[in-house]
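The values are calculated or read from the model by the stated rules, or taken from the named source; none is laboratory data. Small disclaimer: the values here were computed from a predicted structure and weren't measured. Virtual Cβ from ideal backbone geometry, glycine too; neighbours counted across all protein chains shown.
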Amino acid sequence: MPKQKLIGTLDEQCEFLYGLAITKIAQGNYTGAKHALQEIVKYKPDYRDAKQLLAKVSAQKSDQTFLVVMAFVGAAIAVGFGSVGQLGNDLILLVLAAIGALVGYGAGNFIRSFRAMNLR
């Protein structure tokens, strides 16, 4: 989808972007929300709670990225063990990848919750 040129006053544009950010947050699209909030903060830093929301969204995006990376690492390790164990069947390696991704995701959640406990 091509970029849309915003029209209207700065307040109207900020209101549109803020609503867009809220929608993106509800969808779990923290990247989209972050971009919308960055535009608001860039042109009108004191608009509503955009700065605080941007900080919160950035943290959520970081958590989301961490969990995805951990899932990929878990899948790679599981497939690596399967390959070392000479499990040549692709279906078995695919199942191992799925199990490894779940284990990696779980480990990521555990690490994330452990970090959160230590920050308090």
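Within region 79-91, does at least one residue satisfy the condition of being assigned to a helix (DSSP H, G or I) and under 30 Å from V41 (Cα atoms)?
No - not one qualifying residue is present in region 79-91.
What's the number of the only condition in (1) at pLDDT 95 or above; (2) loosely packed, with under 12 Cβ neighbours inside 10 Å that G32 fails to meet?
Of the numbered conditions (1) at pLDDT 95 or above; (2) loosely packed, with under 12 Cβ neighbours inside 10 Å, the odd one out for G32 is (2).
Scan region 25-51 for residues that are small (G, A, S) and in a helix (DSSP H, G or I) and jot them down.
A26, G32, A33, A36, A50
Any residue in region 77-92 that is surrounded by fewer than 15 Cβ atoms within 10 Å (Cβ to Cβ), under 29 Å from T31 (Cα atoms), free of Cβ contacts under 8 Å to residues at least 40 places away in the same chain and of a type outside the set (F, W, Y)?
no
Residue under question is I22, and the condition is that it be in contact (Cβ under 8 Å) with a residue 24 or more places away in the chain, part of a helix (DSSP H, G or I) and of a type in the set (A, V, I, L, M); does it hold?
No: the conditions fail for I22.
Only one of these conditions is not met by F66: (1) in contact (Cβ under 8 Å) with a residue 40 or more places away in the chain; (2) of a type in the set (F, W, Y); (3) under 30 Å from Q4 (Cα atoms). Which number is it?
That leaves (3) as the condition not met.
Within region 52-69, can one find any residue that is farther than 30 Å from L20 by Cβ and part of a helix (DSSP H, G or I)?
No, region 52-69 contains no residue that is farther than 30 Å from L20 by Cβ and part of a helix (DSSP H, G or I).
Could you check how many residues of region 4-20 are exposed (fewer than 10 other Cβ atoms within 10 Å of the Cβ) and of a type outside the set (D, E, K, R)?
Of the residues in that region, 3 qualify.
Please go through region 99-120 and give me each residue that is surrounded by 13 or more Cβ atoms within 10 Å (Cβ to Cβ) and of a type outside the set (K, R), ordered by number.
I99, G100, A101, L102, V103, G104, Y105, G106, A107, G108, N109, I111
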